[in-house]
Structures are given as C-alpha cells and as structure tokens.
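Just below is one structure, and these are the notes that go with it.
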Amino acid sequence: MRRLLATAFTYALAAAVVAVSFPLALVLFVLTAPFDRRRMAVSELLRWLGEVLLRHAPLWPARIEGSLPPPPATFVVVPNHQSLVDAIAVACLPRNMKWLGKVEAFRLPWLGWAFHLAGYVPVKRGDRASGAVALAAMRRWLEAGVPVGLFAEGHRTRDGQLQPFHAGPFRLAVDLGVPIVPVAISGAWRAMPPDRAAIRPATIQVRILPPVPTAGRTPADVDALREEVRGRIAAALAELEAPAAPPGPAAARPSPGSR
C-alpha cells in the first residue's frame, strides 16, 4: 500500500509539473523575450521543474556528485540513457543548458510546447538529415556561449546495459574545441524500466566526471574520443552499481579477566 501511494503521488506530481510547464514557460518567454534572446530564463524554469519532480519523488532519493565548469565556460554534456527518469535526473545538473531530444517529446501537449519555447532541439531518430539540422542548432547554442547536452546512446537501453555511443556529440565538441563532460546516471533503469508504467524504488545517482578536453583534436580523433568517454562512463557506472561490501567482522573483544 505504501508503494502504491508513493507511485500515485509521483504520477500526480509529474502531471502537475507538466500542467504548469507551458503556461509558466509562455509567460516567462513573453516577459523576457526583449532582453533574453538565448531563452535562458525559460530553460532555467524547466530545469527547476525537473529538479522539483525528482527531489520530491518519494521512491527516488537522488544523489548528485561532482561539478560542472563554471560560467562562462561552454561544453558538451554527455550522459548515459537508462530510462525516462534520466531526462528528469539531468535537471539536477548545476548549470542551465540546452538539450537535444527526440522529436516525439516535442509533440507532447504542454511539455513539448515548453521545450520549443526553451530553445531545446528536436531530432528524428535514425534520420540523417534531421540529425545534421539538430547538430547545427546545437552548434549555434555553443557559439552563443550556451552549454548543451546530448544523450550519446541516442535511445534508452532496453536491458540496463550501456549501449554504443553515436559520434555526433563528439564531432560537435571537436569542431568547436570545447570539452566533453561525461555524466554517469545510475538507478534510472531500476526506477522505471522501458515499457513499464510501474515505478520501483531506486536511488538515482548522478556523477559528473572530469571534463575531457578536445583542444587540438581533429576529426580523425572522434572515434577514439567517443570510446574514451564511453569507457569513463562505464567505469563510473560499475563503481556506482557495485554491491555494497558487507561489513567486516567485528574486532575480537578480550574476554573478561584476560591481560
């Protein structure tokens, strides 16, 4: 019964977040449009709403580790993608940025409309032309001094395992000479496996790894960079998901009267 109530509360909270996302985003967009050409106020609103949802979901305690380069640094954030919960978890990253997402999410009433107002970038999965247009849009954000985030796997894992990474985010970073910031997200797959509406208890861990510089790298280095970043995320996930070591045996106590 307790889990059922927690699940109902989480869905109700998510519905409330979606319900207010577009009206608030629209009002903020209209008020800030004359002086906020990069739409940072609207994207900060969506980041805050996502963080509120994750922080108050009773079955998903969250732990955030590490830090991002401070302003005015720009960079490309590359997280792994375990489930829908990842899109909420990245809202807890301590910088406002623009995200690339599948076009289906942008077609959702209210939330998808808010994504458009925030300047997030849609992409049609498996469509090369759409991918090229989306990367060009992300490039413009970086050139405007705005960090960006892309899920390098391109889609959620179906079995909880880390999938191969696409080259797009790494090519983008190399072209502009900005660092890649790997982010390992653990617990999201257990919290909400694909194609299941049920919510399960899980600790959502988000670990921000040290930036990987790209200055001096060329397009010929993209594949090596992709595998390097994937390896770092894989190592972090292995550490985050390792079972806790059992406590060691208690120290032997001397018997009464022993010397």
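The set of residues in the range 163-214 being on the phi > 0 side of the Ramachandran plot and of a type in the set (Asp, Glu) consists of 195 alone. Looking across the range 55-80, the residues that are within 13 Å of the chain's Cα centre (by Cα) and surrounded by 22 or more Cβ atoms within 10 Å (Cβ to Cβ) come down to 76, 77, 78, 79, 80. Residues that are under 19 Å from residue 164 (Cα atoms) and outside any helix (DSSP H, G or I) within the range 200-237 comprise 209, 212, listed in sequence order.
Restricted to the range 25-39, and to residues that are outside any loop (DSSP other than H, G, I, E, B) and farther than 15 Å from residue 91 by Cβ, which residue is least open to solvent (accessible area, probe 1.4 Å)? Filtering first and then ranking leaves 32. Sub-6 Å Cβ pairs linking a first residue in the range 6-20 that is within 15 Å of residue 110 (Cα to Cα) to a second residue that is aromatic (Phe, Trp, Tyr), at least 6 apart or interchain, are 18/110, ordered by first then second residue. In a helix (DSSP H, G or I), farther than 22 Å from residue 193 by Cβ and either open to solvent by less than 10 Å² (accessible area, probe 1.4 Å) or modelled with pLDDT of 95 or more (or both), is that true of residue 137? For residue 137, the condition - in a helix (DSSP H, G or I), farther than 22 Å from residue 193 by Cβ and either open to solvent by less than 10 Å² (accessible area, probe 1.4 Å) or modelled with pLDDT of 95 or more (or both) - is met. Only residues that are touching a helix residue (DSSP H, G or I) at 6+ places or on another chain (Cβ under 9 Å) and free of Cβ contacts under 8 Å to residues at least 40 places away in the same chain were counted in the range 195-209, giving 1.
The values are calculated or read from the model by the stated rules, or taken from the named source; none is laboratory data. Quick caveat: nothing in here was measured; it's all calculated off a predicted structure. Glycine gets a Cβ as well: all are built from the backbone with ideal geometry, and neighbour counts include every protein chain shown. Side chains included, ligands, DNA and RNA excluded: accessible areas come from the protein's heavy atoms. Shrake-Rupley method; radii C 1.70, N 1.55, O 1.52, S 1.80 Å.
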